[in-house]
There are 2 protein chains.
Amino acid sequence: MTEFLRTEKLVKTPGTALHRQLFLVLREQITRGVYGPGAMLPNEDELCAHFGVSKITVRRALSDLKQQELIERQQGRGTFVSTRLPQAHPFEAVGFLDALKMRGRETQVRVLELRREVPPGAVALQMRMRSNEEAVYAARLRHVGDTPLIVTEAWVPLALGASVTVEELERRPLYELLLAQGVVFDRVVEEITAVLANPVYAKLLRTEVGAPLLRVTRLVYDTEGEPVEHLTLHVSPDRSRMLLSLQPKELEQGISSRIVHDPLLP
Amino acid sequence: MTEFLRTEKLVKTPGTALHRQLFLVLREQITRGVYGPGAMLPNEDELCAHFGVSKITVRRALSDLKQQELIERQQGRGTFVSTRLPQAHPFEAVGFLDALKMRGRETQVRVLELRREVPPGAVALQMRMRSNEEAVYAARLRHVGDTPLIVTEAWVPLALGASVTVEELERRPLYELLLAQGVVFDRVVEEITAVLANPVYAKLLRTEVGAPLLRVTRLVYDTEGEPVEHLTLHVSPDRSRMLLSLQPKELEQGISSRIVHDPLLP
């Protein structure tokens, strides 16, 4: 069995069944290309021995993989990674303009919520708002036809957002509406992290509760150094990835992305 | 109950218990600051009614939150978000140099694996390798004292990596060892996504199986346009976040990060 970091025996975790763990391990190996399209998976006995689980557990995990069309089981021959699986593409192939065009032209927006509200403490702090100061909250779902792509939740100061309507938000991106009011964007700071889908995001992004989501929190400043927009995006990694391409000059200037740690946390 | 996107009633999902779902929802609201440090959570009856679950489910979720020291239950008073929870910090506070220094000086490296191997198809494709061509695979765990921070898995062409030893890798970062061989780095492409911790990453990063992880895949090219390093990082969002700071000039030049979608997938 080809592997990189050796998989350990699975152990019971509260609230997560062994079949679900095995499903996650195998799905990860398939989507990551450890097993490519058409590759044969180890047989049931081998999987049982390798992961230290029962045949019932193995069959349930394989059945869930099959339901997601990641594998095909061929009577008497074995279990194979689906050949209809999209090939992992070299990621330089996707252009910036293509992505922008696609998002602007080929996607539609549904406004989920638009209201005044006191933002949670963390947002208020980042927006440098007084306690109990209201802001405009806009939640939107960006989709292509039937396929949901991004849930965005934006906070903008009342002075900038109070006049925005649902109709406008469905026609034009929020940043355009801010620009139209004379806001000049300056620095943008992004924080990227991973979260588990709660039932709301799972339903909107049509994924499972507990599936991984990518969360991008973006803070946009104007030329006065004032925060004018706090945006949180959630996307499903099944459909969306975040790309970053840096030229050597930018690397030297330290524009590169970086990972920071809070090492004091346990 | 303050909320942004309204939470729906919880529904059973194969392999993930309702108490686990409720735990995930509440943990997300706490770590995101919807409930700040010291805030009172709704009582058991309110949680039951809101999420449509039993008291046993609510108690189990609260007990798990308590075990993670996210909440404190005060006899006769109610349930409160832990005041020892780190305040959500405005993320501009962390400097690039600080992060670099910390990673270089204050972290240690443990080499988990160093061997020659044929990389999985997706890696070989991105590295433009011939099929069955071997490369050097190096897996490392970067940690501060007892606290694990990053699991890195690097692939480098045999010509560049064959002479690297475990001792060298524990003393110097891989990129320094490549530079010492005369490699000149050029463009860097990164892809960022979210995955669920499989048992291997969970153990190494000291998190739970099924917890969310941030995965960064980095492809480094030399000045000839040849891929010289394929690096995959996994970090736990409990301890690490990815930051990106962009000046207006860079935004205009299109260096900004972007999210791309594979909208043809279901």
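The values are calculated or read from the model by the stated rules, or taken from the named source; none is laboratory data. Because the structure is predicted, anything quoted here is derived from the model rather than measured. With ideal geometry, Cβ positions are generated from the backbone for all residues, glycine too; neighbour counts draw on all protein chains shown.
Here are a few things to note about the model shown:
- Note on region B:133-174: residues that are surrounded by 13 or more Cβ atoms within 10 Å (Cβ to Cβ), of a type in the set (K, R) and over 20 Å from the mean Cα position of the chain (by Cα) amount to 1.
- Residue check for A:V200: assigned to a strand (DSSP E or B), farther than 15 Å from A:V123 by Cβ and at pLDDT below 90: no
- When each of A:R206, A:R130 is tested for being free of Cβ contacts under 8 Å to residues at least 12 places away in the same chain, farther than 20 Å from A:T217 by Cα, in the same structural domain as A:M242 (by TED's automatic domain parsing) and surrounded by fewer than 20 Cβ atoms within 10 Å (Cβ to Cβ), the lone residue that passes is A:R130.
- Near pairs, Cβ below 6 angstrom, 6+ apart or cross-chain, from region B:186-200 (in the same structural domain as B:L213 (by TED's automatic domain parsing) and more than 16 Å from A:R215 (Cα to Cα)) to any residue that is part of a strand (DSSP E or B) and acidic (D, E): B:D186/B:D222
- Residue within region A:101-122 that is in contact (Cβ under 8 Å) with a residue 60 or more places away in the chain, hydrophobic (A, V, I, L, M, F, W, C) and crowded, with 20+ Cβ neighbours inside 10 Å present: no
- Here the condition is being at pLDDT below 85 and either among the aliphatic types (A, V, I, L, M) or closer than 30 Å to B:V118 by Cα (or both); of A:L24, A:L62, A:L18, it holds for A:L24 alone.
- Whichever residue in region A:223-266 is under 15 Å from B:I192 (Cβ atoms), of a type in the set (S, T, N, Q) and assigned to a strand (DSSP E or B) and, among such residues, is modelled with the highest pLDDT: A:S240
- Against the test of being within 19 Å of B:P227 (Cβ to Cβ) and part of a helix (DSSP H, G or I), the options B:L160, B:L169 yield a single qualifying residue, B:L160.
- Selection within region B:217-245 - more than 7 Å from chain A (Cβ to nearest Cβ) and among the β-branched types (V, I, T): B:T217, B:V220, B:T223, B:V228, B:T232
- Selection status of A:A138, touching a Leu at 6+ places or on another chain (Cβ under 6 Å) and modelled with pLDDT of 85 or more: yes
- Flag for A:L214 being hydrophobic (A, V, I, L, M, F, W, C) and farther than 22 Å from B:I30 by Cα: no
- A:L213, sole failed condition from (1) facing chain B (nearest Cβ under 7 Å); (2) surrounded by fewer than 18 Cβ atoms within 10 Å (Cβ to Cβ); (3) at pLDDT 90 or above: (2)
- Residues of region A:22-39 classified as facing another protein chain (nearest Cβ under 8 Å), touching a residue at least 40 places away in the same chain (Cβ under 8 Å) and not in a loop (DSSP other than H, G, I, E, B), total: 1
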